[in-house]
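The values are calculated or read from the model by the stated rules, or taken from the named source; none is laboratory data. Treat the numbers as computed from the prediction; the structure is a model and nothing was measured. Neighbour counts run over all protein chains shown; Cβ positions are idealised from the backbone, glycine included.
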Amino acid sequence: MEAKLTAIGIYAPEKVVDNHYFEQFIETSDEWIRSRTGIITRRFAAEKEFTSDLAEQAVRNMAAEYQLRLDDVDFILVATVTHDQIMPSMACQLQYRLGMPNAAALDISAACGGFGYGLVLAKGLINSGMYRKILVIGAETLTKVTDFTDRTSCILFGDGAGVVLIEAAEKGNIGACVAGADGSGGQDLYLSNQNTLINGEEILANNKIVQNGRKVFKWAVSQMSLQFNILLEKEGLSVEDIDWFVPHSANMRIIEAICKQVGLPVEKALESVSTYGNTSSASIPLALYEGVRAGKVRKGHKVMMLGFGGGLTYAGAIVEWA
Ligand code: ACO
């Protein structure tokens, strides 16, 4: 059997926060944030709204829209860096809350590369013949681990969730995949509450996201461009064959730089960063869903999804929209 992506759903918290909000407590401006990141708004989860709640709602929305049953899901993969708690996993909580008694449940820790890892793992699990119906979820409440005193990072993050259903089929639609890591950059993007070292370097153990924005920016552009071309080659395609590119939505300038490097018109990139901010593992399904809803992504289109993030990690796949 082959792996087929058959449905998609999203959920984002109600509270919309614009750039002027940050002008109240850090030295910044709407103009700076828009021009440096492309972000116009982002969503903030309520105080008592957590990652599992966002993920659950995304799945319920997808099930309602596609009239799906969930009780025969046999694997749940949840990519997140903002689990409600370390143990139990988000996947286990959802397995119970969504009524999926026969599902294996596992969280993926690959930061903004997590959703891409989920696609790759789901394809492998279905190709192995062991599983038939898998949920791949990317869900985050990054604003709960945002350092609101750090003006270089606090303006970036938002909360949201997205999910895709991947099923066993005679003819699949998930083509070439990539997944990889560069652990040497671990200290450039981290979230820790343990007074430990990363690659021998001391870190700030404040349970907030800490990043070296410029280093991540440069790494992302060169690594994503490389992986874009590797995916094309694996699938036997050229850049003109890609209808939609859905990279992790960290920053519009990163997306523009990757497009320029690989020779893809930026109009062919789907993004979620302008309205949802950087939502880490949720950013790709959010962007894809909006592209589908807007009627841009249509049956037969070749869609390349490619994530990157803390670890450092990267992963993605080419999907022919069904
Ligand atoms: N408002 C106004 N000025 C600011 C702000 C702000 N919010 N933040 C920084 N500045 C200033 C800086 O202090 C600096 O001033 P200086 O020149 O006087 O020192 C100037 O703006 C330029 O700073 P840079 O860091 O060079 O700004 P840059 O253009 O690189 O943009 C940014 C910073 C947006 C963080 C960018 O580097 C970026 O997006 N990097 C990638 C981040 C990323 O992808 N992170 C992934 C994390 S997600 C995850 O894995 C959970």
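Checked against the criterion of being in contact with a Phe, Trp or Tyr (Cβ under 7 Å, 6 or more places away or on another chain) and either assigned by TED's automatic domain parsing to the domain that holds residue 191 or among the hydroxyl-bearing types (Ser, Thr, Tyr) (or both), the candidates 286, 237 yield just one match: 286. Picking from residues in segment 220-244 that are within 30 Å of residue 192 (Cα to Cα) and out of contact with any strand residue (DSSP E or B) (no Cβ under 8 Å at 6 or more places or on another chain), the one that is nearest to the ligand (Cβ to nearest atom) is 221. Here the helices (runs of 4 or more DSSP H) wholly within segment 245-322 that include at least 2 residues being farther than 23 Å from residue 229 by Cβ, away from the ligand (no atom under 16 Å from the Cβ) and modelled with pLDDT of 95 or more are 283-293.
Checked against the criterion of being closer than 27 Å to residue 166 by Cα, without any contact (Cβ under 8 Å) to a residue 40 or more places away in the chain and not charged (D, E, K, R), the candidates 29, 89 yield just one match: 89. Consider segment 175-205 and keep the residues that are in contact with an Asp or Glu (Cβ under 7 Å, 6 or more places away or on another chain) and either more than 14 Å from the ligand (Cβ to nearest atom) or part of a strand (DSSP E or B) (or both). The one that is farthest from residue 313 (Cα to Cα) is 175.
Here residue 69 passes the criteria (1) closer than 26 Å to residue 128 by Cβ; (2) buried (at least 16 other Cβ atoms within 10 Å of the Cβ); (3) touching a helix residue (DSSP H, G or I) at 6+ places or on another chain (Cβ under 8 Å) except the one numbered (2). When the residues of segment 156-174 are filtered to those that are within 16 Å of the ligand (Cβ to nearest atom) and not acidic (Asp, Glu), the one that is farthest from residue 145 (Cα to Cα) is 162.
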